[in-house]
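Following: one structure in structure tokens, then a few remarks.
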Amino acid sequence: MVCAGMLLLLVIVFVISSVVGAQKLSLSGALCALTGKASCSLSAEERAILFDIRLPRILLAGAVGTCLAAAGAAYQALLRNPLAEPYLLGVSNGAAVGTMVALVFFGAHEWGRPVMAFGGAIAATFLVYRLARGRAGASPERLILAGVIVTTFLSSAIVFITTVMDATRIRSFTFWLLGDLSGTTSSLLTVAFIAAAVGVIALVMNARALNLMMLGERDAFDLGVEIGRVRLIVFAAASLLVGASVASSGSVGYVGLVVPHLVRLSFGSDNRLVIPAAAIAGATFVIVADTLARTVIAPRELPVGAITALIGAPLFVYLLKRGTAAVV
Amino acid sequence: MLEAKNITIQYDARFAVQGVSLRVEPGKVISIVGPNGAGKSTLLRALNGNVKTTAGEVILDERLLRSHTRRAIAQRVAVVAQEADVRFPVTVFEFVLGGRYAGANLTAWGWESGRDIELAQNAIAETELAGFESRLMNELSGGERQRAVLARALATEAKIFLLDEPTANLDLAHQATMLRLIRSRCDKSDSAAVVVTHDVNLAAEFSNEVMLMKDGRSVAFGSPREILTEQLLKQVFGLQVLVDAHPVSGAPRVTPVHEMRSVPPA
């Protein structure tokens, strides 16, 4: 029931965001065109705006939101840390470095970006995990510190790559790094959708094991979970999700923090519900954030990452102050 | 059903457990008693494969423990660890239902069946947590949480229980309830339990056999009456104790003799 309600909300948000923007479209015209009819009250120019510019962007926003929110929920459960999030862990930056290396060295290759982004994400994930893991497992504080270290290290790598790039591309890169959905291509959109589907399915299939790992690896082991295998699958799936989203839209921060928390507030902690619900709610959240990003100072645009960080950073501070033991 | 054959566990140069053998048989409760750092918990952990042995073998149902899958071991052996550290808003019911991980009959959508839910509810009732089902784990008291940990182990339907300090956070009444629960499971069905405990008197009351451990070695093994003697306890704990018979149960009763009085006599 609630999932159906969330899907309905997603559809409504989808339709609204397709009509608002620098160029407003009529709601009836857009609805008519979206349902596939040819004779609608839209001009040829308006049709082009809807189908060539707005729709791919909204679809990408949805896919990116799904990827990041599901990955966030998975990292939180696996690392037993309500503050874990792809952006804060440095995983997004890992994927960003991968993407940039692909752009600089194999710029012509369509698939280079997502593949390298996935590689970067998985490398950063393991690095943070190794750094944070102490004798008694990874404490929340230790994990966030490891994330900061990996993030700053990778940021300097990003700065290094940007300086060797030609100056004309730097501005668009800075924008992309903050999370930008405007540069989508059909192949990146396809990659993001496939990754979202594969990643979310893999996570949902391991959600029962994640429910136990969330309470401690030793307990999970005692109860029959093959913890090594589950950890590997979940890390790989989450890295795939983050890699695909970063390759197509840069580092959109805090989605993986905000969305799973809101979902847990209403659904509880069972990952069999949290992960699919976060996937749907994440899509809605990023579509709304991106609609704001391209309308608040239209015709100019903000990077979508600026909007999500504006919402996410205060929430992070609130959660940190409240203490991780009693986090929602 | 479960047997440790001459096992040794070594961390770097230190021997945590050295050449210990233990046989767990249906209907028996075995207590492992000894000072801090004697290797009791490590030995317990080795019995379900959570700690790897350096030498020796652990046998479950006539096969090497490591030749069983994780899931198969979890269906046979349940662990009651010291209190769980819960950082997410998990309800008592969800927590206990987690015990059904290995043995659940899942529905097509991946949810536990009515029988799994019934087993979890029974376990909650047995541990006197009825009414707590929808309370959050991190809002419970230490004792309530520990009972939830026991309930989760009972919900597994495993026949062998490994308990690590199960009574550490419990009040007097619940200590007895908890051990009576384990005791009656072992008496009624073909279950068995290994209990690591600091409470020598509880071990004397509830166990068939006691193992005294010191410095990773098994110092003595036998019935509580044979093992809980003034001489052996002094040897293991380095403390003068007085052992007499419990006035009601007749089991050995151990009273430490302190040389210093903390409260001056009136």
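Each value in this text was obtained by applying a stated rule to the coordinates, not by laboratory testing. What you see is a predicted model; the values in this text were computed from it and never measured. Every residue, glycine among them, receives a Cβ derived from its backbone with ideal geometry; neighbour counts consider all protein chains shown.
Observations on the model:
- The helix-based estimate of mean residue ellipticity at 222 nm for chain A, built from -39,500 (n - 2.57) per DSSP H run of four or more residues and divided by its residue count, is -24500 deg cm²/dmol to the nearest 500.
- 3J(HN,Hα) couplings calculated from phi for segment B:17-24 with the Karplus curve 6.51 cos²θ - 1.76 cosθ + 1.60 (θ = phi - 60°) are, in sequence order, 9, 9, x, 9, 10, 8, 10, 9 Hz; Gly and Pro show x.
- Here segment B:2-256 is assigned +1 on the Cβ of each Lys and Arg and -1 on the Cβ of each Asp and Glu. Its dipole about the Cα centre then comes out at about 620 debye.
- Listed residues A:LEU31, B:ALA151, B:PRO224: farthest to the positive end of the dipole of the protein assembly as shown (Cβ charges): A:LEU31
- The amide H of B:ALA220, built 1.01 Å from its N in the peptide plane, has B:LEU212 as neighbours under 5 Å, considering only residues 5 or more places off or on other chains.
- Among beta bridges from DSSP that stay inside segment B:55-214, the antiparallel ones total about 30%.
- Local charge for B:GLY49 was computed over the other residues whose Cβ lies under 9 Å away, with Lys and Arg +1 and Asp and Glu -1, and equals +4.
- Helix B:114-126 and the longest principal axis of the C-alpha atoms of chain B enclose an angle of approximately 30°.
- Theoretical ellipticity at 222 nm over chain B - DSSP helices of four or more residues, -39500 (n - 2.57) apiece, nearest 500: -9000 deg cm²/dmol
- Rounded, prolate or oblate (a/c below 1.5 giving rounded, otherwise prolate when a/b exceeds b/c) for segment B:191-259 by Cα gyration tensor: oblate
- The protein assembly as shown - Kirkwood radius from inverse mean 1/r over Cα pairs (Å): 26.8 Å
- Sorting the segments A:246-254, A:167-175 by their residues' average number of neighbouring beta-carbon atoms within 10 angstrom, most packed first, yields A:246-254, A:167-175.
- Cross-link reach list, aspartates and glutamates versus B:LYS188, counting only Cα pairs under 17 Å and skipping chain neighbours closer than eight places: B:GLU25, B:GLU126, B:GLU157
- Within chain A, the whole DSSP H helices whose Cα atoms reach 24 Å or more along their own axis and whose mean Kyte-Doolittle score is at least -1.0 are A:2-19, A:55-78, A:112-132, A:140-164, A:186-205, A:227-249, A:271-295, A:304-322.
- Under the combined filter of DSSP loop state and at most 16 neighbouring Cβ atoms within 10 Å, segment B:91-178 retains these trypsin sites (Lys or Arg not before Pro): B:ARG135.
- Computed magnitude of the charge dipole of the protein assembly as shown (debye, nearest 20; Cβ of K, R +1, Cβ of D, E -1): 820 debye
- Residue-averaged beta-carbon neighbours from other chains (10 angstrom radius) around A:222-231: 6
- For the protein assembly as shown, cysteines whose Cβ has no other cysteine Cβ within reach (under 4.7 Å): A:CYS3, A:CYS67, B:CYS186
- Once backbone amide H atoms are built at 1.01 Å from N, B:SER191 has B:GLY27 as its partners under 5 Å, excluding neighbours fewer than 5 places away on the same chain.
- Anisotropy class of segment A:212-297 from Cα gyration tensor, a/c 1.5 cut: oblate
- Other residues with beta-carbon under 12 Å from the beta-carbon of B:ARG115 carry, at +1 per Lys or Arg and -1 per Asp or Glu, a net charge of -3.
- Segment A:34-107: C-alpha gyration tensor shape, a/c 1.5 cut-off, then a/b vs b/c: oblate
- Normalised by the number of residues in chain B, the mean separation of alpha-carbon contacts (under 8 Å, six or more apart) gives a relative contact order of 24 percent.
- Each 10 Å bin, from zero up to the one with the longest distance, holds this percent of the alpha carbon pairs of chain B: 7, 28, 34, 22, 8, 1, 0, 0.
- Net charge of Cβ neighbours under 12 Å - reference A:LEU60; Lys, Arg +1; Asp, Glu -1: 0
- DSSP beta bridge pairing in the protein assembly as shown, given as percent antiparallel to the nearest 5: 60 percent
- Gaussian network model of chain A, springs between alpha carbon atoms under 10 Å - residue of A:LEU59, A:LEU203, A:LEU241 with greatest fluctuation: A:LEU59
- Degrees between helix B:172-188 axis and first principal axis of chain B (Cα, 0 to 90, nearest 10): 70 degrees
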